[in-house]
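Trainee: Below: one structure in structure tokens.
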Amino acid sequence: MDKRSDHRGPRLLRPTRRAALQLGGAAVAMPFIARLAYAQKGPVNVGVVLPLSGANAQFGVNSLRGIELAAEQINKAGGIKALGGAPINLVVADSTSTPTTAATVGQRLITQNSVVAILGAYASSLSIALSEVTERRDIPLLTMSFSDQITSRGFKNIFQVVAKASTLGRAQLTETAEIAKDAGQTLQRVAIMYEDTAYGTSQAAGIRETAKQTGITIVMDEAYPLGITDVTPLINKLRGADAQAVFPASYLNDGLQIIRSMRQQRIGIPVIGGAGGYIIPDFKQGLGEFAEGVLSIAPGSHDLAPELTAEFRQRHGYFMTHEALEHAVCLSVLVQAIETSGKADPAAIRDTLHTTRFDQGWAKAMTGGAVKFDQTGLNTLSEPLMVQWQGDDLVTVGPSKYAKKKPIWTA
Amino acid sequence: MRPSLVLAAVALTVAALLPLTLDPAGYLIRVLTVTLLFAAMSQAWNIVGGLANQMSLGHAAFFGIGAYTSTILLVNYGLSPWIGMLAGAALGAAFAALVSVPTMGLRGHYFALATLAFGEVMRVIANSWPSLTGGPAGISVPFAPDSLLMLQFKSTLPYYYLMLAALVLVTAVFVVTKAGALGYRLRAVKENPDAAEVVGVDTARVKTIAAVMSGGIMAALGTAYAQFTFFFDPETVFGLGPISIRVALIAILGGIGTAAGPIVGAFVIIPLEELANSWLSAGTAGLSQLVYGILLMLIILVQPRGLVAPVEALAARWRTRRAR
Amino acid sequence: MVVIQALVDGILIGGVYAVVSIGLTLVFGVMGIVNFAQAEFLMLGMFVGYLAWAWLGLDPLIGSVIAFAVVFALGCVVQHTLIRRVLRAPPVAQIFLTVGLLIVIENAALLGFGSQFRSVTTPYQTSALRLGDLFISVPYLAAFLMSVVSGLALWLFMNRSWYGRAMRATAQDGMAASLMGIDADRMRRIAFGLGVGLTAFGGAVILPYFTVHPTVGAQFVVLMFTVVVLGGLGSVAGAIVGGQAVGIIQSLSAMAFPVQLQNLVLFLVFITVLALRPQGLVGGAR
């Protein structure tokens, strides 16, 4: 198609090689200057790697807001006491929504900014890619990504503050069966539909597994491509499936489309979302009254600790989303580990994280009121919660020991 | 000795010695390693995109095949990634031959869009076949101690040399191909396919050979990438934006069809992305990408034929003057 | 019954795919440029429609006219300042200018509008018409009707107005058109504005059932290319046929295969059509 581009011989290699080296040299020189600036003593550098642009930007931004809130509170309260009041200095990097970038910026934070630990990176694929770097550099990584893979690889420097996806999937089904039973219905036939991402598939696997054990029949089991532009085929299948409840796992746009299409076709069976887009304020805004009664599983909830999360709502005008909350927990736990070990040293922090039970600060907002990691780095105290849209608010309705209100089941 | 060779030798020496001054597991060396890898990938693309002038937007298909083949063989059978790399390259080459069949008659934009569809097909397959690929959850290279045989290292330094060697090899393949009989035939096809047929060039065969070479190399680089990052998912290796468009962009920005183009392109684009990210991403979300995008457009507006073009023009003028 | 339902759904959504893609094919037809940033103009159209709803209380179906006007103007500016400069550059440079444009628009939107997902609430978005056992989604039907209207309007414009004829003349031979006293530069500017404006119009039309956020374009870009190439790159009638084809393929394939594979089926059809009929389903040899 293009007849004008060049086709001369390789003799021309010469001048351009030089150009390449010069450009490379410039790129090499600049971060060196950056390194000098950070090499001084004083604040404790904590790395934050989050998707601040790209498809997951909204969740990255919320997460960052949670971390910033926690950092401000800690610094205002006098910094890290064990280090003579050293303040927390957050070094934030955008992972975009690409795993390779997450790994590269992680490397940068470790070597250029001498961070003692890293928090992030929301999406499981980003966190896993990032953990490959932190593990090899022996830097603790605290994450709220829920993929099972996070803590199943035998890594020593990774800490997952929430329950795993398969646990979430299991609870999603058993909790629902419980709620249905209380309302006098036996759950026998369910439908699952999920986006084909790490999050959707692993959660669906949890539901599938549990259904098999508990004798519940899955009458519809459909993955759909991320970024689907028309959910009607899914809803048509759902209409023909005769399910008693539907379990969708998706981010916001698909979630809204699914519920709207269901309402169009007068399908009134209960919807039990799989976290993601079902438990953010935009869900309620997008659906209005149609959000009422939608249930979802959640790894954490703002109403377990209103005294802590109120400030977030005051500042940003909406409730503290679970990703914001859990990221605040990550930072708070990290700081408690530094206080306990008495030094800002990655190895010491890691050992403390593995052995200590953290029940101060934001850790109180988690189920069990504390965080305790096992040897794989999984927080053993974290239990999935069942939340429901009631009125304008997302409230915890299960398990009963955490419930703030009674669940509403409209069979 | 030709000046270009001397310069290439000097550049190579510098590239070989440079990491000795850097932290072997640091950030800079990682950026350089990624840059070298993308330069090599772009150079592989250049065989089809530059020599045959077939604007492929589906090279991620081959890259992903290489990454998945070696990793699946390693995870399931414990096979060394070196063997996996060969297997991947063979599969990548075979897939390139397969892609060539329906796309052979297509020109320009149609070729670009057909190859794009092939890349997307591979992504969908990788996503929907979890028993083989691990599905959307991705696949991890099992953690192993440092070993050349298993192509796994804790430090970034060995990967740097691996990518450097890959770049040198691919560039050599490109230069030799371009100067050889295949290169002349490809040029004839590129200039005027009908005329080439008339003088006896089997255009279909020539294009397929170029595609197979390019696809095989791309797949081998996929293995190198998998061993370097230890984890990937379908979107990362089969992605349109992260791989297909990026490798084409690098070659085009540097100078399509030239040996130096992809190298220059990679050494501009990758560090540019990194710098934009490291300076701006802590502030406002989106700012670093915005600046990056503006710079991209500026480069294309100022130098639509690639960064190598003006230097080449200068060199050509210098040569004519000397010849006089 | 199930098949008819799927067919109806496919036709309705296909109309929407057609209208967002007509602009892409128009830009290609008149300027020979493959615009990778086209879907970003869809996103801008959605944002304009959203803001018209949020600030002025306008229904997105009415807001779509504003979306068209705003993005039309923006398109003229973009064509004049950027695209015009690469018309004589190698095609690869043109493609990648639009890739740069894509990155810039997406991130400018992120900076300007924030990363939130935004969606409108309209009274009809959760209602459907019932014809016996058939469900016809009202927002889909509305979007479909708007698409038909805009398609007709474009057809009239291109075939009945002086501008349309001048634009087609420019597309065929810019030099000759100039000699006939047509301002070819102006025609290209208007064609680009019209192209992205129509896509933006389509963006606002789908707002009643689709959420807008800065990266929403990524969900549509490959789909739009599939539509225009299936129909025949550069042909307006082709975009309509292509849109219908994509809608129906997606909808029907879901009955035989898992929904997850709907794009696989689509791309295989796409590759097959390209290999057998590179000029697309509509139109003769180009």
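Trainee: If you scan the stretch A:372-411, which residues turn out to be open to solvent by less than 30 Å² (accessible area, probe 1.4 Å), touching a Pro at 6+ places or on another chain (Cβ under 7 Å) and β-branched (Val, Ile, Thr)?
Mentor: Answer for the stretch A:372-411, where residues must be open to solvent by less than 30 Å² (accessible area, probe 1.4 Å), touching a Pro at 6+ places or on another chain (Cβ under 7 Å) and β-branched (Val, Ile, Thr): just A:VAL397.
Trainee: Which fully enclosed helices (runs of 4 or more DSSP H) of the stretch B:77-152 have 3 or more residues being closer than 15 Å to B:PHE63 by Cβ?
Mentor: Numbers: elements: B:81-103, B:108-128, B:130-133.
Per the criteria, B:81-103, B:108-128.
Trainee: Right, next: Among the residues of the stretch B:275-290, which ones are in a helix (DSSP H, G or I) and either open to solvent by 20 Å² or more (accessible area, probe 1.4 Å) or on the phi > 0 side of the Ramachandran plot (or both)?
Mentor: Within the stretch B:275-290, the subset in a helix (DSSP H, G or I) is B:275-280, B:287-290.
Within the stretch B:275-290, B:LEU275, B:SER278, B:TRP279, B:LEU280, B:LEU287, B:GLN289, B:LEU290 qualify.
Trainee: To continue, here is another question. Taking the stretch A:288-308 as the region of interest, how many residues are out of contact with any helix residue (DSSP H, G or I) (no Cβ under 7 Å at 6 or more places or on another chain), touching a residue at least 60 places away in the same chain (Cβ under 8 Å) and in a helix (DSSP H, G or I)?
Mentor: 1
Trainee: Kindly provide the set of residues from the stretch C:236-250 that are open to solvent by less than 10 Å² (accessible area, probe 1.4 Å), under 13 Å from C:VAL269 (Cβ atoms) and more than 12 Å from the chain's Cα centre (by Cα), ordered by number. It would help to see each step written out before you state the result.
Mentor: Looking only at the stretch C:236-250, we keep the residues that are open to solvent by less than 10 Å² (accessible area, probe 1.4 Å), and these are C:238-239, C:242-243, C:246-247, C:250.
From what is left, the residues that are under 13 Å from C:VAL269 (Cβ atoms) are C:242, C:246-247, C:250.
The answer is C:VAL246, C:GLY247, C:GLN250.
Trainee: Something else now. Please work out if B:GLY293 is assigned to a helix (DSSP H, G or I), more than 27 Å from B:SER155 (Cβ to Cβ) and touching a helix residue (DSSP H, G or I) at 6+ places or on another chain (Cβ under 7 Å). It would help to see each step written out before you state the result.
Mentor: On the way: assigned to a helix (DSSP H, G or I): yes; more than 27 Å from B:SER155 (Cβ to Cβ): yes; touching a helix residue (DSSP H, G or I) at 6+ places or on another chain (Cβ under 7 Å): yes.
Against the criterion (assigned to a helix (DSSP H, G or I), more than 27 Å from B:SER155 (Cβ to Cβ) and touching a helix residue (DSSP H, G or I) at 6+ places or on another chain (Cβ under 7 Å)), B:GLY293 qualifies.
Trainee: Identify the residue in the stretch A:346-371 that is open to solvent by 60 Å² or more (accessible area, probe 1.4 Å) and assigned to a loop (DSSP other than H, G, I, E, B) and, among all such residues, is farthest from A:LEU83 (Cα to Cα). I'd like the intermediate steps shown before the answer.
Mentor: Step one: filter the stretch A:346-371 for residues open to solvent by 60 Å² or more (accessible area, probe 1.4 Å), giving A:351, A:355, A:357, A:359-360, A:364.
Applying the additional criterion that residues be assigned to a loop (DSSP other than H, G, I, E, B) yields A:359-360.
Working: A:ASP359: 20, A:GLN360: 18 Å.
Result: A:ASP359.
Trainee: If A:ALA93 passes every condition in (1) modelled with pLDDT under 95; (2) open to solvent by 20 Å² or more (accessible area, probe 1.4 Å) but one, which one does it miss?
Mentor: (2)
Trainee: Only residues that are facing another protein chain (nearest Cβ under 7 Å) and in contact (Cβ under 8 Å) with a residue 24 or more places away in the chain: list them for the stretch C:97-110, please. First the steps, then the outcome.
Mentor: Residues of the stretch C:97-110 that are facing another protein chain (nearest Cβ under 7 Å), as a first pass: C:97, C:99-101, C:103-104, C:107-108, C:110.
Listed by number, the residues that qualify are C:VAL99, C:LEU101, C:ASN107, C:LEU110.
Trainee: Counting only residues that are free of Cβ contacts under 8 Å to residues at least 40 places away in the same chain and not in a helix (DSSP H, G or I), which one in the stretch C:158-209 is surrounded by the fewest Cβ atoms within 10 Å (Cβ to Cβ)?
Mentor: Checking each candidate, the answer is C:GLY181.
Trainee: Kindly establish whether B:TYR160 is open to solvent by less than 20 Å² (accessible area, probe 1.4 Å) and hydroxyl-bearing (Ser, Thr, Tyr). First the steps, then the outcome.
Mentor: Working: open to solvent by less than 20 Å² (accessible area, probe 1.4 Å): yes; hydroxyl-bearing (Ser, Thr, Tyr): yes.
The answer is yes for B:TYR160.
Trainee: Right, something else. Return the only residue of C:ALA73, C:ALA109 being part of a helix (DSSP H, G or I), under 15 Å from C:MET46 (Cα atoms) and not aromatic (Phe, Trp, Tyr).
Mentor: Details: C:ALA73 fails: under 15 Å from C:MET46 (Cα atoms).
After applying the criteria, what remains is C:ALA109.
Trainee: Hey, another quick one. How about the stretch B:296-324: which of its residues are outside any helix (DSSP H, G or I), more than 9 Å from chain C (Cβ to nearest Cβ) and crowded, with 21+ Cβ neighbours inside 10 Å?
Mentor: B:LEU307
Trainee: Still on this structure: On the given criteria, is B:GLY265 crowded, with 24+ Cβ neighbours inside 10 Å, within 19 Å of the chain's Cα centre (by Cα), facing another protein chain (nearest Cβ under 10 Å) and modelled with pLDDT of 90 or more?
Mentor: On the way: crowded, with 24+ Cβ neighbours inside 10 Å: yes; within 19 Å of the chain's Cα centre (by Cα): yes; facing another protein chain (nearest Cβ under 10 Å): yes; modelled with pLDDT of 90 or more: yes.
Against the criterion (crowded, with 24+ Cβ neighbours inside 10 Å, within 19 Å of the chain's Cα centre (by Cα), facing another protein chain (nearest Cβ under 10 Å) and modelled with pLDDT of 90 or more), B:GLY265 qualifies.
Trainee: If a residue must be surrounded by 24 or more Cβ atoms within 10 Å (Cβ to Cβ) and closer than 13 Å to C:VAL20 by Cα, how many such residues does the stretch C:217-235 contain?
Mentor: Residues meeting the conditions: 7.
Trainee: Among residues belonging to the stretch A:243-287 that are within 22 Å of the chain's Cα centre (by Cα) and assigned to a strand (DSSP E or B), point out the one that is surrounded by the fewest Cβ atoms within 10 Å (Cβ to Cβ).
Mentor: For the stretch A:243-287, the residue satisfying everything is A:VAL271.
Trainee: Would the stretch C:16-29 turn up any residue that is part of a helix (DSSP H, G or I) and open to solvent by 10 Å² or more (accessible area, probe 1.4 Å)?
Mentor: Taking the stretch C:16-29 and keeping what is part of a helix (DSSP H, G or I), we get C:16-29.
Remaining after also requiring open to solvent by 10 Å² or more (accessible area, probe 1.4 Å): C:28-29.
For the stretch C:16-29, residues part of a helix (DSSP H, G or I) and open to solvent by 10 Å² or more (accessible area, probe 1.4 Å): present.
Trainee: Now for a separate question. When you check A:GLY206 against the structure, is it out of contact with any Phe, Trp or Tyr (no Cβ under 9 Å at 6 or more places or on another chain) and crowded, with 24+ Cβ neighbours inside 10 Å, yes or no? Please lay out each step first, then the result.
Mentor: Details: out of contact with any Phe, Trp or Tyr (no Cβ under 9 Å at 6 or more places or on another chain): yes; crowded, with 24+ Cβ neighbours inside 10 Å: yes.
Judged against the criteria, A:GLY206 is a match.
Yes/no per residue for (1) among the aromatic types (Phe, Trp, Tyr); (2) within 13 Å of chain A (Cβ to nearest Cβ); (3) touching a helix residue (DSSP H, G or I) at 6+ places or on another chain (Cβ under 8 Å); (4) open to solvent by less than 10 Å² (accessible area, probe 1.4 Å):
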residue	(1), (2), (3), (4)
B:MET213	no, no, yes, no
B:MET218	no, no, yes, yes
B:PHE231	yes, yes, yes, yes
B:SER244	no, no, yes, yes
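Trainee: Taking the stretch B:174-205, which residues are buried (at least 17 other Cβ atoms within 10 Å of the Cβ) and of a type in the set (A, V, I, L, M)?
Mentor: B:VAL175, B:LEU182, B:LEU186, B:ALA188, B:VAL189, B:ALA196, B:VAL201
Trainee: Separate question: Can you pull out every residue in the stretch C:111-130 that is away from chain B (no Cβ under 14 Å) and not charged (D, E, K, R)? Steps first, please.
Mentor: Within the stretch C:111-130, the subset away from chain B (no Cβ under 14 Å) is C:117-130.
Those that are away from chain B (no Cβ under 14 Å) and not charged (D, E, K, R): C:PHE117, C:SER119, C:VAL120, C:THR121, C:THR122, C:PRO123, C:TYR124, C:GLN125, C:THR126, C:SER127, C:ALA128, C:LEU129.
Trainee: Has the stretch A:269-291 got any residue that is facing chain C (nearest Cβ under 8 Å) and of a type in the set (Ser, Thr, Tyr)?
Mentor: no
The values are calculated or read from the model by the stated rules, or taken from the named source; none is laboratory data. Quick caveat, the model's predicted, so the values are computed rather than measured. No Cβ is skipped: glycine too gets one built from the backbone with ideal geometry, and neighbour counts run over all protein chains shown. SASA here: full protein model, heavy atoms, side chains in, ligands and nucleic acids out. Shrake-Rupley method; radii C 1.70, N 1.55, O 1.52, S 1.80 Å.
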